[in-house]
1. Quick one: in region 36-75, which of the residues that are surrounded by fewer than 11 Cβ atoms within 10 Å (Cβ to Cβ) and among the small types (Gly, Ala, Ser) is nearest to Cys239 (Cα to Cα)?
2. Among the residues of region 170-188, write down those that are under 14 Å from His213 (Cβ atoms) and away from ligand 2 (no atom under 16 Å from the Cβ).
3. When you go through Ala124, Ala111 one by one, which is the residue that is within 16 Å of ligand 1 (Cβ to nearest atom) and outside any strand (DSSP E or B)?
4. Here is a check on your reading of the model: is Ala358 of a type in the set (A, V, I, L, M), on the phi < 0 side of the Ramachandran plot, within 16 Å of ligand 2 (Cβ to nearest atom) and assigned to a helix (DSSP H, G or I)?
5. Of the conditions (1) within 16 Å of ligand 1 (Cβ to nearest atom); (2) of a type outside the set (Val, Ile, Thr); (3) assigned to a loop (DSSP other than H, G, I, E, B); (4) in contact with a Phe, Trp or Tyr (Cβ under 9 Å, 6 or more places away or on another chain), Ser143 fails just one. Which one is it?
6. Restricting attention to region 120-134, does a residue exist that is within 16 Å of ligand 2 (Cβ to nearest atom) and of a type in the set (Lys, Arg)?
7. Do the conditions hold for Ala318, that is, is it of a type in the set (A, V, I, L, M), more than 16 Å from ligand 1 (Cβ to nearest atom) and either over 25 Å from Val222 (Cα atoms) or buried (at least 20 other Cβ atoms within 10 Å of the Cβ) (or both)?
8. Name the residues in region 265-304 that are within 16 Å of ligand 2 (Cβ to nearest atom) and farther than 20 Å from Ala171 by Cα, would you?
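None of the figures in this text is laboratory data; all of them are computed from the coordinates on show. This one's a predicted model, so the numbers in the text were calculated from it and none came from an experiment. Quick reminder, even Gly has a Cβ in these numbers, built from the backbone with ideal geometry, and neighbours come from all protein chains shown.
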Amino acid sequence: MIIILRPEADPGPEELRQLEAVASRFPDLTLRLHRVQGAFQTLHEVYVFGPTRQVPTEAFAELPFVQRVVRVSSRYRVIGRHGGQAPEVGFEHRGLRFSQDSFHVFAGLCAVDTRQHVELTMEALRRAGLRTARMGAYKPRTSPYDFQGHGRACLPYVFELAGKYGIQVIAMEVTHESHLEEIATALDEAGHPTGVMVQIGTRNAQNFELLKHVGRQQAFPVLFKRGMGITLEESLNACEYVATNGNPRIVFCLRGVKSDKGDPHRNLVDFAHVPVVNRLTRLPVCVDPSHSVGRRDRAPDGISDIWHAAAQGVIAGANMLLVDLHPRPEAALCDGPQALTLGELEPFLEDMRICREAYLRRLAALRRGRVEAA
Ligand code: PEP
Ligand code: MN
């Protein structure tokens with residue numbers, strides 16, 4: 001059960017006491033308050049855990065500061081939309097808004113290799129007008145003999161250069177809870193020139209202990225990548241671990257699922273699930289065309305498969321794009337074959353603007369049609 005408080009409500013000890021008093025009339029209920037920081041106001045929701053089936057919604061709805069009580073049945077209770085009853089809220093990080101209405105491109109190195117490559121990449125991002133990047137420091141590799149990432153050693157120059165080029169948020173994968181601490185310390189030492197969105201990679205999509213850890217911290221929002229070999233339903237339930245442990249500031253990322261021997265693409269592109277995740281959850285949806293397609297082949301029309309896949313995600317309403325970019329893909333220590341070159345960045349962004357614009361025009365046309373039909 002979710003209790004949605006009135007937008008103007010700012011629950012203090014008295015409101016919490018009244019909620020607890022109602023809860024105490026029923027056995028084994030626990031309450032958890034979630035604050036959602038928006039651009040202009042803070043929204044509050046209270047999650048009710050325990051045997052809520054016997055609890056009439058009016059018990060809480062009668063309180064003057066309660067707007068609505070939603071009875072939730074699906075298993076991903078906090079992230080779920082519950083048939084549209086739970087509002088889409090979104091969140092802010094470093095002055096950027098992430099919601100099912102926003103659109104951001106996070107481009108950059110799959111794996112940080114040299115300071116020079118980080119600087120060339122950040123410079124290109126700024127020239128292209130981007131304030132968001134991807135930078136892999138901790139790399140979960142299929143083979144233990146492959147480059148594992150520079151880890152915390154690269155964080156000082158990654159954060160310093162992000163600050164120099166005005167990058168506000170970096171998507172960065174963590175594979176162990178200790179990485180959260182290392183990132184927090186490095187940001188402190190650098191004086192917080194930028195922010196981080198911690199990424200849970202597809203290989204850790206069901207690493208429940210790691211999910212609980214990223215859920216228990218509030219410093220970083222989370223980019224959760226769907227599991228490549230599990231169902232969407234299983235991925236959504238795994239993602240709920242983050243939210244129910246206290247951090248609902250999540251972006252859900254589609255990145256393809258395992259297919260027939262990686263042929264013709266590294267993974268089977270699953271961007272037809274953008275509207276599905278939009279409908280089932282309240283989370284912004286990201287697509288990663290680089291890890292799903294995995295190669296730079298071009299169609300006869302001259303457009304590469306990665307661009308085509310990205311376009312499919314964006315025209316379906318994706319809110320974020322995570323894309324590999326490298327100054328010298330041939331020298332990259334990880335995933336060079338799928339990286340855009342710096343020269344491709346601006347034409348790629350222009351293509352994505354066309355797709356976003358097309359999505360917004362599709363929406364406008366649909367709404368016009370509805371009004372005319374009414
Ligand atoms: C990545 O984005 O660097 C990555 C390893 O992706 P995935 O977890 O989707 O394979
Ligand atoms: Mn990669």
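1. Within region 36-75, the match that is nearest to Cys239 (Cα to Cα) is Ser73.
2. His176, Glu177, Ser178, His179, Leu180, Glu181, Glu182, Ile183, Ala184
3. Of Ala124, Ala111, the one residue that is within 16 Å of ligand 1 (Cβ to nearest atom) and outside any strand (DSSP E or B) is Ala111.
4. When the stated conditions are applied, Ala358 does not pass them.
5. For Ser143, the exception is condition (4).
6. Yes; the residues of region 120-134 include at least one that is within 16 Å of ligand 2 (Cβ to nearest atom) and of a type in the set (Lys, Arg).
7. no
8. The answer is His265, Arg266, Asn267, Val269, Arg295, Arg296.
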